[in-house]
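Structure first, then comments.
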Amino acid sequence: MEQAVYGAVVLAAGSGSRMNSKTAKQYLLLDGKPLIYYALRQFQDSGVVKIVLVVGEGQEAYCREEIVERYGFTKVCAIVPGGSERYLSVHAGLKALAGVDYVLIHDGARPCVDQDILKRAMTSVAECQACVVGMPVKDTIKIVDEHQMAQKTPDRRRLWQVQTPQAFSYELIRKAYDQVVAAGEQTVTDDAQVLELAAGRTCRLIEGSYRNIKVTTPEDLDIAKIFLKNFK
């Protein structure tokens, strides 16, 4: 029986406007290394055999020289420019990835992903073809109206905060993205939603980590620095 081949699409095309910095957040230094380094290091050290890195248009040469070659990320097989929206960037990454059975799609702004998370995603996707990393919410959630008045309190026991990586059969998610992009859909915010829209199919939620945060605002860098100490 042939062994399944896993690939990854790592997204680093965002501008990071909420970081209050002229430097795109994926290149901000975190403990002496650019933010994107940490996610790439985990995928480099995992069972993934191919990585496509999606970056901002015009940043391909910089990323090749200063990130991929400098830190020896030999599994990066392509560096491609992203689009104006996340779903367009993912689609660009998927088109550049070939010869894999399964793909893990990850936001490069989540530097604290670890090997345990990647292994769970790889095991689960082989069983169910589509899975999403996440964690149960800790706080009570309120649904509000346009005036910020609370309208409803959903049952917290049924709510999860979604993270990445999100893992899929390559053929399944590629067809879904082709369909959504062709339709010009611009409201999707994650890969599971693309699958829901295109194929009417749901994903399994699997355990991630409360440390697997997305760096969005300046204080997130300080938190991530603390979490990353556990990797050393």
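For the reader, a short list of remarks on this structure follows.
- Considering only TYR210, LEU195, LEU221, and ranking their Cα positions along the charge dipole of region 123-232 that arises from unit charges at the beta-carbon of Lys, Arg, Asp and Glu, the one farthest toward the positive end is TYR210.
- Calculated FRET efficiency, ALA182 to LYS229, Cβ-Cβ distance, R0 = 41 Å: about 0.35 to the nearest 0.05.
- Charge dipole (Cα centre; +1 on Lys/Arg Cβ, -1 on Asp/Glu Cβ; no other charges) of region 31-118 amounts to roughly 120 debye.
- Over all projection directions, the Cα-based convex hull of region 115-232 averages an area of 9.8 nm².
- Average silhouette area of region 126-194, convex hull of alpha-carbon atoms, in square nanometres: 6.4
- Globularity index of region 25-87, i.e. its alpha-carbon radius of gyration over 2.2 N^0.38 Å: 1.08
- Number of Lys pairs (Cα under 18 Å; 8 or more positions apart or on different chains) in region 23-102: 4
- Taken about its Cα centre, the chain carries a charge dipole of roughly 520 debye when the Cβ of each Lys and Arg holds +1 and the Cβ of each Asp and Glu holds -1.
- Farthest toward positive dipole pole in region 82-167 [+1 Lys/Arg, -1 Asp/Glu at C-beta], among VAL144, SER84, ILE117: VAL144
- Ellipticity estimate at 222 nm from DSSP helix runs (n ≥ 4, -39,500 (n - 2.57)) divided over the chain, nearest 500: -9500 deg cm²/dmol
- The relative contact order of region 98-232 comes to 35 percent, based on Cα pairs under 8 Å that sit 6 or more residues apart.
- DSSP beta bridge pairing in region 90-232, given as percent antiparallel to the nearest 5: 75
- Over the Cα atoms of region 40-143, the radius of gyration divided by the Kirkwood radius equals 1.00; this is the Rg/Rh ratio.
- Taken along the Cα-to-beta-carbon direction at a fixed 7 Å, the label points for TRP160 and GLU65 span 4.3 nm.
- Aspartates and glutamates with Cα under 18 Å of LYS119, excluding same-chain neighbours fewer than 8 positions away: ASP45, ASP101, ASP107, GLU127, GLU207
- The value of relative contact order for region 32-105, using C-alpha pairs under 8 Å at least six residues apart, is 32 percent.
- Solvent-accessible heavy-atom area per residue, rounded to whole Å², over the chain at 1.4 Å: 52
- Relative contact order [Cα under 8 Å, 6+ residues apart], the chain, whole percent: 23
- Quotient of Cα Rg and 2.2 N^0.38 Å for region 159-209, N being how many residues it contains: 1.15
- Å³ per residue enclosed by the Cα convex hull of the chain: 145
- Simple label model, 7 Å out from Cα along Cβ direction - LYS142 to LEU197, nm: 3.0
The values are calculated or read from the model by the stated rules, or taken from the named source; none is laboratory data. For clarity, every value in this text was computed on a predicted model and none was experimentally measured. Quick reminder, even Gly has a Cβ in these numbers, built from the backbone with ideal geometry, and neighbours come from all protein chains shown. In case anyone asks, the SASA skips ligands and DNA or RNA and just uses the protein heavy atoms, side chains included. Shrake-Rupley method; radii C 1.70, N 1.55, O 1.52, S 1.80 Å.
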